[in-house]
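Note sheet for the following structure.
The values are calculated or read from the model by the stated rules, or taken from the named source; none is laboratory data. Model, not experiment: these values are computed from the prediction. Here the Cβ positions follow ideal geometry from the backbone for every residue, glycine too, while neighbour counts run over all protein chains shown. In case anyone asks, the SASA skips ligands and DNA or RNA and just uses the protein heavy atoms, side chains included. Shrake-Rupley method; radii C 1.70, N 1.55, O 1.52, S 1.80 Å.
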Amino acid sequence: MSIALIAFAVVVAILVLLLFLAVKITREYERGVIFRFGRLLDPPKGPGIFLIIPFVDQMVRVDLRTVTLNVPPQEVITKDNVPVRVNAVAYFRIVEPNAAITQVENYMVATSQIAQTTLRSVLGQHVLDELLSERDKINAILQNIIDEATSP
């Protein structure tokens, strides 16, 4: 009788453990990108509570809130050969969680790199007077180039 009781307790403990592993909760601003045996399940799960198959499914949480990315200071030589040191801030948010996880190895690093490269490239095409007087125009050019590069 005691062996049966111990076996029953072990089975119940295993079932409770599997239930804890299967239940996932994402917040309103998160989505869960699910991979089943390495294959992407569509659409992303969330927000709220949902179940996954333990040891079969793998979930990656994606934050959909706007991220403020501080671009490190960049040394740029303007078109009129004046060295300038500039820093910038880039704002972005994930619109397609599946694409952010499956198409880019690390979307944070990729966005930072494209922002730095674009900043140096665009500022190098202008003279110092334009940098100081036409900031809005240059910001629009930077935004368009970065948007085109990061929208996929």
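Search segment 42-59 for residues being open to solvent by less than 50 Å² (accessible area, probe 1.4 Å) and either without any contact (Cβ under 8 Å) to a residue 12 or more places away in the chain or among the aliphatic types (A, V, I, L, M) (or both), and hand back the single one that is nearest to ASN98 (Cα to Cα).
MET59
If you go through segment 99-117 and keep only what is farther than 22 Å from LEU142 by Cβ and in a helix (DSSP H, G or I), you end up with ALA99, ILE101, THR102. Residues in segment 97-126 that are touching a residue at least 24 places away in the same chain (Cβ under 8 Å), among the β-branched types (Val, Ile, Thr) and surrounded by 14 or more Cβ atoms within 10 Å (Cβ to Cβ): ILE101, THR111, ILE114, THR118. The single condition among (1) touching a helix residue (DSSP H, G or I) at 6+ places or on another chain (Cβ under 8 Å); (2) open to solvent by less than 30 Å² (accessible area, probe 1.4 Å) that ILE145 does not meet is (2). Within segment 123-143, can one find any residue that is assigned to a helix (DSSP H, G or I) and either closer than 30 Å to VAL16 by Cβ or within 22 Å of the chain's Cα centre (by Cα) (or both)? Yes: segment 123-143 contains one or more residues that are assigned to a helix (DSSP H, G or I) and either closer than 30 Å to VAL16 by Cβ or within 22 Å of the chain's Cα centre (by Cα) (or both).
So that you can scan it fast, the table gives a plain yes or no per residue for (1) assigned to a strand (DSSP E or B); (2) surrounded by 13 or more Cβ atoms within 10 Å (Cβ to Cβ); (3) modelled with pLDDT under 90:
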| position | (1), (2), (3) |
| --- | --- |
| PHE8 | no, no, no |
| LEU15 | no, no, no |
| LYS24 | yes, yes, no |
| ILE34 | yes, yes, no |
| ARG65 | no, no, no |
| ASN70 | yes, no, no |
| ASN81 | no, no, yes |
| ASN87 | yes, no, yes |
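Does PHE50 meet the test of being in a strand (DSSP E or B) and at pLDDT 95 or above? So PHE50 fails the test.
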